Each structure stands twice: as C-alpha cells, then as structure tokens.
1. Are any of the residues in the stretch 63-83 of a type in the set (Lys, Arg), in contact with a strand residue (DSSP E or B) (Cβ under 8 Å, 6 or more places away or on another chain) and under 30 Å from Ser13 (Cβ atoms)?
2. Looking at the stretch 27-35, can you tell me whether even one residue there is more than 22 Å from Glu111 (Cα to Cα) and in contact with a Gly (Cβ under 7 Å, 6 or more places away or on another chain)?
3. Every residue in the stretch 66-78 that is of a type outside the set (Asp, Glu) and either crowded, with 17+ Cβ neighbours inside 10 Å or more than 12 Å from Val106 (Cβ to Cβ) (or both), please.
4. If a residue has to be closer than 19 Å to Lys70 by Cα and either of a type in the set (A, V, I, L, M) or over 21 Å from the mean Cα position of the chain (by Cα) (or both) to count, how many in the stretch 24-45 make the cut?
5. Whether any residue in the stretch 13-32 is closer than 22 Å to Leu113 by Cβ and surrounded by 12 or more Cβ atoms within 10 Å (Cβ to Cβ) is what I want to check.
6. Restricting the first residue to the stretch 11-23 and requiring it to be farther than 12 Å from Val42 by Cβ, which pairs with a second residue that is small (Gly, Ala, Ser) and surrounded by 11 or more Cβ atoms within 10 Å (Cβ to Cβ) meet a Cβ separation below 7 Å and a spacing of at least six or different chains?
7. Between Lys87, Lys97, which is free of Cβ contacts under 8 Å to residues at least 60 places away in the same chain and touching a Gly at 6+ places or on another chain (Cβ under 8 Å)?
8. Could you identify the single residue in Asp75, Asp69 that is in contact with a helix residue (DSSP H, G or I) (Cβ under 9 Å, 6 or more places away or on another chain), in contact (Cβ under 8 Å) with a residue 24 or more places away in the chain and not small (Gly, Ala, Ser)?
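Read-outs: derived from the displayed coordinates by stated rules, not from any lab. The shown structure was predicted, so the numbers you read here are calculated from the model rather than taken from an experiment. FYI the Cβ positions are ideal-geometry reconstructions off the backbone, even for glycines, and counts take in every protein chain you see.
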Amino acid sequence: MEFTCIMCPMGCSLKVEKTGDEVVVTGNTCKRGEMYGKQEFVAPKRVVTSLVRIAGGGVVSVKTSDLVDKNRIFDVLDLLKTVEVKKPIHIGDVIVKDALKTGVDVVATGEKL
C-alpha cells in the first residue's frame, strides 16, 4: 500500500507492507510518519466535518472532536442530517455527545448568535 503522509508539511511517500505479524513502513523521515503509516494500514481514521441545520433557517459548521473509523464516516454524516440545533451556538459547543457510541462528540466550529 502506498500513500502520502499528512502528519507534517514534508508529505513523505510512504510504502506500508505486512510481513508476517509485523507492519513495516518505509519512506518516512520521522517517527510520526511511521505511526501514521501503521495506523492508516491497520485501521484508517478521519476527523469528520459537516454542517448541521439551525432551527428557523441556516446552518452551522461542525466536526468530530477526535478521529472516527473511516468505515463509520457515512454513518456519522447520516446522523448529522437528522440533527437540528437552536441558537445561540458557540465554537466548541457539543452538538452530539458520543455520536453513534463511538466515544467521539460532534462539536460546533462556528458561531451563530
């Protein structure tokens, strides 16, 4: 598996292979790249960003407070389609607590007063 590391501005070209029980990362120039390569190979995760409707009109931007398994991204997005919040909304407000029992909250990234 080959991909570009996103842990720093270097953008190293990583190659990740499984040999026996070990995941081997090459092409990284730092330890963070090795950790990222292994994580991406074994169980890729992402921060989910989206918009949530506001009662009375408009939307507010939101994101997950931590990484979510890549295979759950569309489940989280489907959940957010059903959510409607009331003003005022402040940056950091928890919009959905423990989204889909992932242990990750969805928080506001915008202000709507």
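1. At the first step, the residues of the stretch 63-83 found to be of a type in the set (Lys, Arg) are 63, 70, 72, 81.
Narrowing the set further to residues that are in contact with a strand residue (DSSP E or B) (Cβ under 8 Å, 6 or more places away or on another chain) leaves 63, 70.
If we keep only those that are under 30 Å from Ser13 (Cβ atoms) as well, we get 63, 70.
Checked the stretch 63-83: at least one residue is of a type in the set (Lys, Arg), in contact with a strand residue (DSSP E or B) (Cβ under 8 Å, 6 or more places away or on another chain) and under 30 Å from Ser13 (Cβ atoms).
2. The answer is yes, given that some residue of the stretch 27-35 is more than 22 Å from Glu111 (Cα to Cα) and in contact with a Gly (Cβ under 7 Å, 6 or more places away or on another chain).
3. From the stretch 66-78, those of a type outside the set (Asp, Glu) are 67-68, 70-74, 76-77; that's our starting set.
Matches in the stretch 66-78: Leu67, Val68, Lys70, Asn71, Arg72, Ile73, Phe74, Val76.
4. Residues that pass the stated criteria total 3.
5. No.
6. Cys12/Gly27; Cys12/Gly33; Ser13/Gly27; Leu14/Gly27; Leu14/Gly33; Leu14/Gly37; Lys15/Gly27
7. Values: Lys97 fails: touching a Gly at 6+ places or on another chain (Cβ under 8 Å).
Answer to the selection: Lys87.
8. Unique residue meeting the criteria: Asp75.
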